[in-house]
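Heads up: the structure comes next, in structure tokens.
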Amino acid sequence: MLKQLETICRLNGIAYRIGGSQLLKHHGIVDETNDIDVFVEPDQFERLDQILSRAGEKQSTEPHEAYLTTYFGEYVFEGTDVDVMSSFRMKCTDGIYTHPYIEAEGNWMHLEEWIVLYTVIGRKDKLTRLARYFETHDINEGIVHACLRRAPQSVVEGVTERFGEMMKR
């Protein structure tokens, strides 16, 4: 499925980044995934939305009060759930987290971005797996700091509490 998505994006000039559990699988952190999380820039969202709506089946999604993401679409494509988003934003207890654009490694987001995103989303299971991974791998602190630059204090504290010692190595 990732190959088909890559082909669609390449043929249509759409720059995209893969994150979430597919990213964790890419790094050997998880074996199974439920969907594909695709991040695009705002000017690319509509084009990918049109393509995936024709090639697959666009799902109706109910707004979630905590998510303030500017553009979000959910599709079933080739039997796989694909979530496409741009300008990810989410309410936190003490403000709103907005995820910055960070240059991808190929078409893959950085695991360090997901340290912050999973903290915001509250995915403790994924954070535990990332913590185990980073016990034996270096963390790019620059990426973590870029993600936390304008983050609410609760997010900064959550990331620091779980990953602060690893970043000091």
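Relative contact order for the chain using alpha-carbon pairs under 8 Å, separation at least 6, rounded to a whole percent? List each step's numbers first, then the result.
Numbers: 243 pairs, mean separation 32.0, N = 169.
The value is 19 percent.
Give, in nm to one decimal, the length gained when the segment between Glu78 and Ser154 is fully stretched (0.36 nm per residue of separation minus the Cα-Cα distance). Walk me through the numbers on the way to the answer.
On the way: separation 76, 0.36 × 76 = 27.36 nm, distance 3.86 nm.
In short, 23.5 nm is gained.
Using just the alpha carbons, could you tell me how many Å³ per residue the convex hull of region 1-62 encloses? Kindly include the intermediate steps, with their values, before the conclusion.
Values: hull volume 6.5 nm³, N = 62.
In region 1-62, the Cα hull volume divided by residue count equals 105 Å³.
For the chain, give the magnitude of the charge dipole about the Cα centre (Cβ charges: +1 Lys/Arg, -1 Asp/Glu; no others), in debye to the nearest 20.
Working: 19 positive and 28 negative charges, 51 e Å.
Its charge dipole is roughly 240 debye.
Per Stokes-Einstein, at 25 °C and 0.890 mPa s, what whole-number D in µm² s⁻¹ belongs to the chain, with the Kirkwood radius over Cα pairs as the hydrodynamic radius? Display every interim value, and only then the final one.
Details: Rh = 16.6 Å.
After rounding, the answer is 148 µm²/s.
Taking the Cα centre of each part, how many Å lie between region 86-112 and region 113-165?
12 Å
When the chain is fully extended, how far beyond the present Cα-Cα distance does Lys91 get from Ala15, taking 0.36 nm per residue of separation?
On the way: separation 76, 0.36 × 76 = 27.36 nm, distance 2.66 nm.
Here the answer is 24.7 nm.
Could you give the size of the charge dipole of region 67-143 about its Cα centre, using +1 on the Cβ of each K and R and -1 on the Cβ of each D and E, expressed in debye and rounded to the nearest 20? Display every interim value, and only then the final one.
Details: 7 positive and 13 negative charges, 75 e Å.
Computed charge dipole of region 67-143: roughly 360 debye.
Can you spot the lysines whose alpha carbon is less than 26 Å from Lys126's alpha carbon? Ignore those fewer than 8 places along the same chain.
Here the lysines satisfying the reach criterion relative to Lys126 are Lys3, Lys25, Lys91, Lys168.
Where Lys and Arg each count +1 and Asp and Glu each count -1, what net charge lies around Ile36 among other residues with Cβ under 9 Å from its Cβ? Walk me through the intermediate numbers first.
Numbers: positive: none; negative: Asp35, Asp37, Asp81, Asp83.
Value of the local net charge: -4.
Can you bin region 85-156 into rounded, prolate or oblate? Criterion: square roots of the alpha carbon gyration tensor eigenvalues sorted a ≥ b ≥ c, rounded for a/c under 1.5, prolate for a/b above b/c, oblate for the rest. Walk me through the numbers before you get to the answer.
Values: a/c = 1.68, a/b = 1.24, b/c = 1.36.
Taking the square roots of the gyration eigenvalues as a ≥ b ≥ c, region 85-156 is oblate.
Taking the Kirkwood radius as the inverse of the mean 1/r across Cα pairs, report the Rg/Rh of region 127-169.
On the way: Rg = 10.2 Å, Rh = 10.7 Å.
So for region 127-169, dividing Rg by the Kirkwood Rh gives 0.95.
Give the angle, between 0 and 90 degrees and rounded to the nearest 10, that separates the Cα long axis of helix 42-55 from the longest principal axis of the Cα atoms of the chain.
Approximately 50 degrees, to the nearest ten.
Since every read-out is calculated from the coordinates, none of them should be taken as a lab result. Worth saying up front: this structure is predicted, and the values here are computed from it rather than measured. Every residue, glycine as well, gets a Cβ built from its backbone with ideal geometry; the counts of neighbours run over all protein chains shown.
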